[in-house]
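Here's the structure we're looking at; comments come further down.
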Amino acid sequence: MMTRSLQGRTSRLTRPSIAVAAAAAVTAGVVAAAPDAKTAEPSPKLSLIAATTSVTLDSWKEDPGVYLDLGTYLTSENGAFELKVTRKSYKDPVLATQILRNGKKTTTKALPAGLVKDFSGLPDFAQISVTDAAGKTVLKQTEAFCPNNASGRVRPDAPANSKYPQSCPVNPFTLGSVWGVENGWASNTYAGYYAKPVQLAAGTYTAKISVTKKYRDLFGIANKPQTVKVTVRERSWEEEEGSGSAARSAAPRSSQSAKSAAGHQGHGGHEGHQQAADAPAAAHSGSAAASAHAAHGAPARPEAPAARTTGATPTFNVGHGPYPPAPPALPWALKKESLQRQAFSAAKVGDRPGQTDGSRRAPAAEPNAKQPTGRATVPDVPKPDLRSLPAYGITVSDGYEDVPGKDYLAFSANVWNAGPAKLVVDGFRSPGKELMDAYQYFYDAKGKQVGYTPTGTMEWDPRPGHEHWHFTDFASYRLLKADKKESVRSGKEAFCLANTDAVDYTVKNANWHPDNTDLSTACGQENSISVREVLDVGSGDTYTQDLPGQSFDITGLPNGTYYIQVLANPENRLKETNYKNNSALRKVVLGGKKGARTVTVPAHDLVNAN
């Protein structure tokens with residue numbers, strides 16, 4: 001079972017907590033004020049609401065700190081709240097534009113330059129202040145807001161499904177994203193995965209939440225702060241585990257335990273497509289079932305254990321990248337006590353057949369019923385455009401117990417599809433054969449298959465943590481010397497394709513809700529007779545190369561400047577619209593001594609992420 005980041009298949013998170021508590025809280029205000037279509041204003045009306053007047057938050061002895069999921073949501077009426085966030089290149093800053101739709105008329109409104117610096121959401125959107133029982137202010141901070149957070153309808157006549165993607169991208173080389181709150185819906189303002197715990201002693205507090213002035217002025221949001229009573233209780237995982245209390249089902253493991261577990265799993269995982277068992281995204285990246293895509297040596301991002309009613313998590317885009325996933329989002333995956341207990345352990349969260357992050361189902365795409373026959377043709381129709389992103393998550397490792405005493409350069413790599421057509425590859429196995437014959441399919445503008453061509457093979461990978469079908473020759477990873485000549489090549493050249501990262505959802509035909517995001521379903525079983533692997537338009541597939549044979553052996557390399565090359569479609573076996581953008585280079589500088597090598601990763605234009 002592998003972990004993949006994920007996207008919901010048909011709808012975004014529909015939280016019972018919103019549908020019940022939030023709807024009840026705003027029925028009089030929002031529903032009664034629902035605008036008449038004929039008199040609707042051209043811009044949406046945004047409001048901050050609280051789903052409840054009181055919340056209970058836990059501080060764990062093993063991992064002190066409280067995550068401020070206060071149950072506040074941003075609602076959108078009079079139309080959807082939509083933002084298009086892009087950058088022309090990595091040399092250009094991130095820009096955000098509001099999209100205003102009024103019937104068939106669409107207008108745009110540029111947000112102030114510098115307001116949005118990355119793709120994780122609107123920075124400093126929510127202002128939170130907390131006072132203790134004596135009225136003393138003990139906390140004051142701002143948090144970012146991702147409009148694609150966990151969401152649900154606030155009135156029954158709102159659209160049944162939201163058209164917007166789930167979660168905001170975390171890949172440092174994201175190029176374009178779309179954020180939105182559907183008309184008649186509400187999105188959780190809790191920063192979730194991006195939040196840091198705050199230190200609050202057990203006791204009773206009052207939290208005041210408001211939208212900061214710059215966003216109130218920018219989007220015309222009324223200055224109506226929400227007040228929530230907060231009860232902080234101290235709990236202990238060990239004590240509750242020993243007592244057999246059912247309450248432990250919602251208890252998060254300590255951050256350090258989670259990180260260690262995630263790293264351990266990454267080591268045995270699907271060469272970066274690590275798997276885990278039951279939480280969001282990815283593992284999400286996207287994002288996306290808690291994946292233990294955290295690899296040995298890769299920088300681990302601490303989890304944000306949250307109540308299972310939260311779901312305000314960037315579940316898509318964590319992918320097969322170096323970051324561990326956020327906690328699960330929806331309670332349907334947590335109905336059994338055993339699952340509840342697993343939900344906050346990075347070692348036991350992730351994808352399972354038909355399930356990615358505990359909130360979404362991402363079934364595999366069905367291959368054609370039969371192996372193609374007749375003359376192969378490559379028609380003149382739209383084709384995919386495979387592009388490579390620069391490597392990231394770059395670190396030095398020692399080979400672990402596999403090959404001790406050596407130095408390896410580990411990294412994450414992503415190949416994505418800029419469209420305008422999705423990449424579809426079917427594998428077919430003749431009875432008794434070990435390899436599948438692979439075919440690429442082509443479609444006309446109406447989605448009808450109009451051609452195919454042989455494109456190599458698929459092979460079964462029986463290693464624990466893999467156990468799925470790999471498509472060969474999809475990508476190649478090389479370490480180049482300063483003169484751009486090859487020095488070391490990664491042994492990783494076969495891949496299970498899945499949509500782990502939302503790289504650019506602003507390109508033509510981008511699919512904001514791709515299937516094939518779940519490794520455990522996307523890449524077949526040992527007894528599969530056929531498999532379909534898809535890379536949809538706008539999405540990419542991240543693999544973390546952290547094990548010997550995948551990462552680069554740098555034990556005998558001299559110190560100095562090198563380049564990590566990520567090369568898509570290295571043998572040009574796949575048919576594309578453009579073969580000139582398949583290579584991406586990332587500069588690294590090796591230093592140190594054998595057994596203690598170091599790597600310095602300069603910024604890539606404006607992207608300063610290793």
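The values are calculated or read from the model by the stated rules, or taken from the named source; none is laboratory data. Worth saying up front: this structure is predicted, and the values here are computed from it rather than measured. Cβ coordinates were reconstructed from backbone atoms using ideal geometry, including for glycine residues, and neighbour counts include every protein chain displayed. With ligands, DNA and RNA removed, areas are computed over all heavy atoms of the protein, side chains included. Shrake-Rupley method; radii C 1.70, N 1.55, O 1.52, S 1.80 Å.
Taking the full set of protein chains and a 1.4 angstrom probe, give the accessible area of H513 in square angstrom, rounded to the nearest 10. Near enough 40 Å² of accessible area.
Taking every lysine pair in segment 64-222 that is 8 or more places apart or spans two chains, those with Cα atoms closer than 15 Å amount to 8. In terms of its alpha-carbon gyration tensor, segment 105-176 comes out oblate; a/c meets the 1.5 threshold, while b/c is at least as large as a/b.
For segment 367-475, compute Rg over Rh where Rg is the Cα radius of gyration and Rh is the Kirkwood radius from the inverse mean 1/r over Cα pairs.
Using only Cα positions, Rg/Rh for segment 367-475 is 1.08.
Converting the Cα gyration tensor eigenvalues of segment 439-478 into ellipsoid dimensions via √(5λ) gives semi-axes, longest first, of 28, 13, 10 Å.
Sorting the segments 557-566, 385-394 by their residues' average number of neighbouring beta-carbon atoms within 10 angstrom, most packed first, yields 385-394, 557-566. Loop-only chymotrypsin sites (Phe, Trp or Tyr not before Pro) in segment 112-157, please: DSSP not H, G, I, E or B, and at most 13 other Cβ atoms within 10 Å. Answer in residue order: no site qualifies. A probe of 1.4 angstrom, applied to the heavy atoms of all protein chains, finds E459 with accessible area near 70 square angstrom. Across segment 155-165, rounded Karplus estimates of 3J(HN,Hα) from the backbone phi angles (6.51 cos²θ - 1.76 cosθ + 1.60, θ = phi - 60°) give 8, x, 8, 6, x, 5, 10, 8, 7, 7, x Hz, Gly and Pro being marked x. Taking the empirical scaling 2.2 N^0.38 Å for compact globular proteins as reference, segment 526-601 has a Cα radius of gyration ratio of 1.51.
Solvent-accessible surface of protein heavy atoms, probed at 1.4 angstrom with all chains present, puts H468, H604 in the order H604, H468, largest first.
Based on the convex hull around the alpha carbon atoms, segment 114-229 presents an average projected area of 9.0 nm². From most to least packed by mean Cβ count within 10 Å, the peptides 479-486, 567-574 give 567-574, 479-486.
Where the alpha-carbon atoms of segment 60-185 are placed on the principal axes, they occupy 54, 44, 27 Å, in descending order. Phi-derived couplings, Karplus 6.51 cos²θ - 1.76 cosθ + 1.60 at θ = phi - 60°, listed residue by residue for segment 90-107: 6, 8, 10, x, 6, 10, 10, 10, 7, 9, 10, 10, 9, x, 8, 8, 10, 10 Hz, with x used for Gly and Pro.
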